[in-house]
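The values are calculated or read from the model by the stated rules, or taken from the named source; none is laboratory data. This is a predicted model, so every value here is computed, not measured. With ideal geometry, Cβ positions are generated from the backbone for all residues, glycine too; neighbour counts draw on all protein chains shown. Surface areas here come from the heavy atoms of the whole protein model, side chains and all, with no ligands, DNA or RNA. Shrake-Rupley method; radii C 1.70, N 1.55, O 1.52, S 1.80 Å.
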Amino acid sequence: MNLPTFTPNTMACHQQHSMTHCLIHQTMGMLAPYTLQRSISTYFMQGLELSRHKEVQTVHTAAVNDVDVDLSENRYLLSGASDGTIAIHDLEELIKYDHNNRMLDTRVFKLVHSVSPGTTDAHTRSVETVLWYALDTGIFTSSGTDRCLKVWDTNTLKVVEEYSFSTIIHSHHMSSVSTSHNLIAAGTDSPFVRLVDTRIGCFTGILKGHKEGGVRAVCWSPKDEFLLATGGIDNFAMLWDVRSAKGCLKKLQDKGKKKSGYKRDTTHDGSVNGLKFTADGYYLATIGTDQRFFMWDINTGKKLTSHYPPLSHIKKRSVKFCLTKSGRDNFAYIPTGASITTFNISSDSREKHLYGHYNSVNCCFYHECGNQLITGGNDRKILVWTRKGDKEYEDFMCDRRVELIKKNATEEIVTMPESLAQTLDTWSDDEQD
């Protein structure tokens with residue numbers, strides 16, 4: 001995790017007119033293009049509000065449990081709901097007109113494909129996790145409470161492979177950097193982590209280390225293709241090298257005081273329900289039912305001393321939160337009840353709450369290319385969050401309308417009939433005096 005370094009050049013980016021200062025300094029050669037890019041990303045991450053002009057075309061009729069945007073094109077939004085529905089939206093193709101051919105004020109992301117409940121290959125119960133294949137939008141995966149993990153052909157919306165588990169699947173994940181394996185790790189109500197190899201189409205391994213209950217969260221490292229992190233209801237987060245069957249590499253242990261009856265060396269004082277690596281792969285973020293957020297150094301296994309804000313409404317199910325990766329300062333976005341809690345993970349900072357859903361929020365995904373946060377919840381909505389709710393776009397459209405009105409007014413005067421022009425009062429102020 002890159003902690004912020006303040007220099008005379010980057011310090012200006014924190015002032016009132018930060019973007020203006022950054023652009024001026026970059027033009028003068030005082031600011032590297034990469035630093036400017038990171039500053040602009042941070043600019044959009046700060047001050048997120050519910051967008052006034054961006055919507056996702058409605059398709060789900062039940063709670064939205066997970067969303068994901070593909071890594072290859074950064075264009076297609078994948079979502080799964082508790083009624084078994086799966087949908088794909090295009091974040092670059094917009095609906096501009098309604099069914100009456102009237103232009104819309106909002107930009108609606110178009111629905112491309114959907115899998116409805118009851119159709120062939122559809123999940124029979126709730127979809128808990130949806131995930132794009134890292135290298136190609138032609139494949140995506142899904143899993144849920146019907147105990148099935150499905151691999152889909154995007155073009156035909158047909159299941160090409162299906163794996164049946166003996167218990168509910170809470171989460172699954174594939175490595176985004178792997179070149180030597182296509183393993184899918186799955187966390188279920190069993191204390192064992194199951195590995196599926198999609199190349200040969202079968203289960204290939206079991207990771208035994210969690211002592212009781214189920215595994216709520218799994219996450220592959222974005223740096224090491226063989227490093228896997230898991231979190232269970234035994235209050236532990238563990239690191240694994242999947243090439244070794246001898247046990248976990250490391251248990252993350254917090255030596256702090258615990259209120260529960262568990263030992264003092266557990267990761268959290270409650271189930272570990274959320275895991276996410278930072279973009280550089282050096283740190284791991286964990287969330288537990290003790291309503292705490294921790295950051296861990298992967299190499300040392302020690303918890304960072306930074307004090308992060310307490311959370312609320314962290315339930316027993318898997319927590320689908322996200323960390324940003326392209327900013328000078330990076331942020332966490334975490335579903336907490338009917339709001340999204342966000343704070344700076346690069347330094348100690350106060351939290352902010354984003355309100356917009358009418359019911360519990362279930363998932364968050366920060367779309368780096370679009371500089372927007374996408375969330376889904378029990379209100380069946382997928383919402384888009386942008387800087388100041390697209391106020392800059394609103395101001396731009398307002399200015400444009402004013403310019404068009406002025407232009408049309410000028411054209412009307414220029415093309416005014418001569419008979420009408422002769423009737424206008426042409427007296428000047430000087431002549432009136």
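The table that follows gives values for the structure above.
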| item | result |
| --- | --- |
| Pair list, Cβ under 7 Å, 6 or more apart: region 229-245 residue acidic (Asp, Glu), other residue surrounded by fewer than 19 Cβ atoms within 10 Å (Cβ to Cβ) | Asp234/Lys211; Asp234/Glu212; Asp234/Gly213; Asp241/Phe226; Asp241/Leu249 |
| Cβ-Cβ under 8 Å pairs, at least 6 apart or on other chains, region 271-284 side in a loop (DSSP other than H, G, I, E, B), far side of a type in the set (Lys, Arg) and buried (at least 16 other Cβ atoms within 10 Å of the Cβ) | Ser271/Arg216; Thr278/Lys325; Ala279/Lys325 |
| Members of region 353-394 found to be over 19 Å from Ser79 (Cα atoms), of a type outside the set (Ser, Thr, Tyr) and modelled with pLDDT of 95 or more, listed by number | His353, Leu354 |
| Residues of region 365-387 that turn out to be outside any loop (DSSP other than H, G, I, E, B), open to solvent by 10 Å² or more (accessible area, probe 1.4 Å) and closer than 18 Å to Ser82 by Cβ, as a count | 3 |
| Yes/no for Lys110 being outside any loop (DSSP other than H, G, I, E, B), open to solvent by 70 Å² or more (accessible area, probe 1.4 Å) and farther than 27 Å from Cys364 by Cβ | no |
| Search result, residues across region 352-363 that are touching a Lys or Arg at 6+ places or on another chain (Cβ under 7 Å) and either among the basic types (Lys, Arg) or open to solvent by 10 Å² or more (accessible area, probe 1.4 Å) (or both) | His357, Asn362 |
| Extreme residue, least open to solvent (accessible area, probe 1.4 Å), among residues of region 325-346 that are modelled with pLDDT of 95 or more and part of a loop (DSSP other than H, G, I, E, B) | Gly337 |
| Conditions (1) of a type in the set (Val, Ile, Thr); (2) part of a strand (DSSP E or B); (3) exposed (fewer than 15 other Cβ atoms within 10 Å of the Cβ); number of the one not met by Thr58 | (2) |
| Filter pass, Leu135 being of a type in the set (A, V, I, L, M) and out of contact with any strand residue (DSSP E or B) (no Cβ under 9 Å at 6 or more places or on another chain) | yes |
| Matching residues, region 271-315, being open to solvent by less than 40 Å² (accessible area, probe 1.4 Å) and on the phi > 0 side of the Ramachandran plot | Gly281, Gly301 |
| Subset of region 141-154 (residues that are open to solvent by less than 20 Å² (accessible area, probe 1.4 Å) and more than 15 Å from Val127 (Cβ to Cβ)) | Thr154 |
| Failed item, numbered, when Ser349 is tested on (1) in contact with a Ser or Thr (Cβ under 8 Å, 6 or more places away or on another chain); (2) open to solvent by 20 Å² or more (accessible area, probe 1.4 Å) | (1) |
| Selection from region 155-174 of residues that are open to solvent by 50 Å² or more (accessible area, probe 1.4 Å) and of a type in the set (Gly, Ala, Ser) | Ser164, Ser166 |
| Looking only at region 61-97, and only at residues there that are small (Gly, Ala, Ser) and assigned to a loop (DSSP other than H, G, I, E, B), the one that is surrounded by the fewest Cβ atoms within 10 Å (Cβ to Cβ) | Ser72 |
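Yes/no matrix, rows are residues, columns are (1) touching a strand residue (DSSP E or B) at 6+ places or on another chain (Cβ under 8 Å); (2) assigned to a strand (DSSP E or B); (3) closer than 29 Å to Asp90 by Cα:
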{"site": "Thr141", "(1), (2), (3)": "yes, yes, yes"}
{"site": "Asp146", "(1), (2), (3)": "no, no, yes"}
{"site": "His173", "(1), (2), (3)": "yes, yes, yes"}
{"site": "Ser178", "(1), (2), (3)": "yes, no, yes"}
{"site": "Ile184", "(1), (2), (3)": "yes, yes, yes"}
